[in-house]
Amino acid sequence: AIIYCTFSYLQHILEDDGYEVKLVSGIPSFCAAAARLNLPLVEWDEPLHIIPAVHKEDESLEYEGNYVLMKSASHMKEVKELLSAKNMQVQAVENCSMETEKVYRDVSEIPDDAGYFSLIIAKKGPNT
(Lines give C-alpha, C1' and ligand atoms only; values in the text may rest on other atoms or scores of the structure.)
Protein backbone atom coordinates (compact mmCIF):
# COMPACT_ATOMS: atom_id res chain seq x y z
CA ALA A 1 0.00 0.00 0.00
CA ILE A 2 1.08 3.54 -0.64
CA ILE A 3 0.26 6.09 2.02
CA TYR A 4 0.51 9.75 1.01
CA CYS A 5 3.16 9.02 -1.55
CA THR A 6 4.14 11.48 -4.22
CA PHE A 7 4.86 8.55 -6.50
CA SER A 8 1.15 7.75 -6.76
CA TYR A 9 0.75 10.80 -9.01
CA LEU A 10 3.55 9.57 -11.24
CA GLN A 11 2.12 6.06 -11.23
CA HIS A 12 -1.07 7.29 -12.90
CA ILE A 13 0.90 9.15 -15.57
CA LEU A 14 3.15 6.18 -16.30
CA GLU A 15 0.23 3.76 -16.47
CA ASP A 16 -1.70 6.13 -18.74
CA ASP A 17 1.35 6.15 -21.01
CA GLY A 18 1.24 2.35 -21.19
CA TYR A 19 3.99 1.46 -18.72
CA GLU A 20 3.50 -1.39 -16.28
CA VAL A 21 4.08 -0.28 -12.72
CA LYS A 22 4.69 -2.71 -9.86
CA LEU A 23 4.64 -1.63 -6.26
CA VAL A 24 7.05 -3.29 -3.86
CA SER A 25 5.94 -3.64 -0.27
CA GLY A 26 8.09 -2.13 2.40
CA ILE A 27 7.96 -0.53 5.79
CA PRO A 28 5.72 2.56 5.88
CA SER A 29 7.64 5.69 6.82
CA PHE A 30 5.54 6.33 9.92
CA CYS A 31 6.29 2.82 11.22
CA ALA A 32 10.01 3.30 10.55
CA ALA A 33 9.96 6.67 12.33
CA ALA A 34 8.08 5.26 15.34
CA ALA A 35 10.60 2.42 15.57
CA ARG A 36 13.49 4.90 15.33
CA LEU A 37 11.94 6.91 18.17
CA ASN A 38 11.32 3.70 20.13
CA LEU A 39 7.75 4.92 20.44
CA PRO A 40 4.49 2.99 20.07
CA LEU A 41 2.11 4.73 17.70
CA VAL A 42 -0.83 3.75 19.88
CA GLU A 43 -1.45 1.92 23.10
CA TRP A 44 -4.46 -0.05 24.24
CA ASP A 45 -7.51 1.47 22.52
CA GLU A 46 -6.06 4.77 21.25
CA PRO A 47 -7.06 5.65 17.68
CA LEU A 48 -4.39 6.67 15.17
CA HIS A 49 -4.92 9.45 12.62
CA ILE A 50 -2.51 9.67 9.70
CA ILE A 51 -2.92 12.93 7.85
CA PRO A 52 -0.96 14.96 5.32
CA ALA A 53 -0.32 18.13 7.29
CA VAL A 54 0.53 20.16 4.21
CA HIS A 55 -3.05 19.83 3.03
CA LYS A 56 -4.61 20.37 6.45
CA GLU A 57 -3.46 23.80 7.57
CA ASP A 58 -6.88 24.33 9.11
CA GLU A 59 -6.83 20.92 10.82
CA SER A 60 -7.73 21.32 14.46
CA LEU A 61 -6.51 17.91 15.67
CA GLU A 62 -9.68 17.52 17.68
CA TYR A 63 -10.10 13.78 17.25
CA GLU A 64 -9.27 11.53 20.16
CA GLY A 65 -6.03 9.62 19.81
CA ASN A 66 -2.62 10.10 18.31
CA TYR A 67 -1.51 11.69 15.06
CA VAL A 68 1.07 11.07 12.39
CA LEU A 69 1.60 14.27 10.43
CA MET A 70 3.16 13.65 7.06
CA LYS A 71 4.33 16.12 4.43
CA SER A 72 4.67 18.89 7.00
CA ALA A 73 7.95 20.41 5.83
CA SER A 74 6.66 23.23 3.64
CA HIS A 75 4.35 24.39 6.45
CA MET A 76 6.44 23.36 9.45
CA LYS A 77 6.16 26.66 11.32
CA GLU A 78 2.34 26.58 11.19
CA VAL A 79 2.24 22.88 12.09
CA LYS A 80 4.51 23.47 15.09
CA GLU A 81 2.33 26.37 16.24
CA LEU A 82 -0.76 24.18 16.07
CA LEU A 83 0.92 21.36 17.99
CA SER A 84 2.21 23.76 20.64
CA ALA A 85 -1.23 25.32 21.05
CA LYS A 86 -2.70 21.84 21.55
CA ASN A 87 -0.05 20.99 24.16
CA MET A 88 0.71 17.73 22.39
CA GLN A 89 3.67 15.49 23.09
CA VAL A 90 5.64 15.68 19.87
CA GLN A 91 8.55 13.75 18.43
CA ALA A 92 9.79 13.78 14.86
CA VAL A 93 12.28 12.20 12.53
CA GLU A 94 13.79 13.95 9.55
CA ASN A 95 15.31 11.75 6.82
CA CYS A 96 14.57 8.53 8.70
CA SER A 97 17.17 5.81 8.01
CA MET A 98 19.29 8.09 5.85
CA GLU A 99 22.80 9.32 6.63
CA THR A 100 21.33 12.77 7.30
CA GLU A 101 18.76 11.48 9.80
CA LYS A 102 17.84 13.79 12.66
CA VAL A 103 15.65 12.99 15.65
CA TYR A 104 13.65 15.62 17.50
CA ARG A 105 12.19 14.83 20.91
CA ASP A 106 10.13 18.00 21.32
CA VAL A 107 8.24 20.37 19.05
CA SER A 108 10.63 23.19 20.01
CA GLU A 109 13.58 21.21 18.58
CA ILE A 110 12.08 20.87 15.09
CA PRO A 111 13.51 23.53 12.79
CA ASP A 112 11.05 25.61 10.78
CA ASP A 113 13.01 24.62 7.69
CA ALA A 114 12.97 20.86 8.37
CA GLY A 115 13.36 18.85 5.18
CA TYR A 116 10.82 17.19 2.92
CA PHE A 117 11.25 13.79 4.58
CA SER A 118 10.15 14.99 8.03
CA LEU A 119 7.50 13.04 9.88
CA ILE A 120 5.85 14.07 13.15
CA ILE A 121 4.23 11.81 15.73
CA ALA A 122 1.99 13.76 18.11
CA LYS A 123 0.17 12.41 21.12
CA LYS A 124 -2.31 14.13 23.36
CA GLY A 125 -0.42 15.30 26.39
CA PRO A 126 -1.67 15.33 29.95
CA ASN A 127 -4.47 17.83 30.48
CA THR A 128 -5.44 17.95 26.79
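Mind checking whether some residue in the stretch 20-30 is among the acidic types (Asp, Glu), assigned to a loop (DSSP other than H, G, I, E, B) and open to solvent by 40 Å² or more (accessible area, probe 1.4 Å)? Within the stretch 20-30 (the criterion being among the acidic types (Asp, Glu), assigned to a loop (DSSP other than H, G, I, E, B) and open to solvent by 40 Å² or more (accessible area, probe 1.4 Å)), the answer is yes, since at least one residue qualifies. Mind checking whether some residue in the stretch 48-63 is in contact (Cβ under 8 Å) with a residue 40 or more places away in the chain, farther than 13 Å from Lys123 by Cβ, in contact with a strand residue (DSSP E or B) (Cβ under 7 Å, 6 or more places away or on another chain) and assigned to a strand (DSSP E or B)? Yes, that holds for at least one residue. Every listed requirement among (1) modelled with pLDDT of 90 or more; (2) outside any loop (DSSP other than H, G, I, E, B) is met by Val42 save one, (2). Provide a single number: the residues in the stretch 76-128 that are under 20 Å from Pro40 (Cα atoms), touching an Asp or Glu at 6+ places or on another chain (Cβ under 6 Å) and either open to solvent by less than 30 Å² (accessible area, probe 1.4 Å) or in contact (Cβ under 8 Å) with a residue 24 or more places away in the chain (or both). Count: 2. Asn66 meets each of the listed conditions (1) surrounded by 10 or more Cβ atoms within 10 Å (Cβ to Cβ); (2) at pLDDT below 85; (3) closer than 21 Å to Leu83 by Cβ apart from (2). Looking at Ala73, is it among the small types (Gly, Ala, Ser), within 13 Å of the chain's Cα centre (by Cα), open to solvent by less than 50 Å² (accessible area, probe 1.4 Å) and over 13 Å from Ala122 (Cβ atoms)? The answer is yes for Ala73.
The values are calculated or read from the model by the stated rules, or taken from the named source; none is laboratory data. Please read these numbers as outputs of a predicted model, since none were measured by experiment. Note that we place each Cβ from the backbone using ideal geometry, even for glycine, and neighbour counts take in every protein chain shown. Ligands, DNA and RNA are stripped out before the accessible areas are found, and what is left, the full protein with its side chains, is counted by its heavy atoms. Shrake-Rupley method; radii C 1.70, N 1.55, O 1.52, S 1.80 Å.
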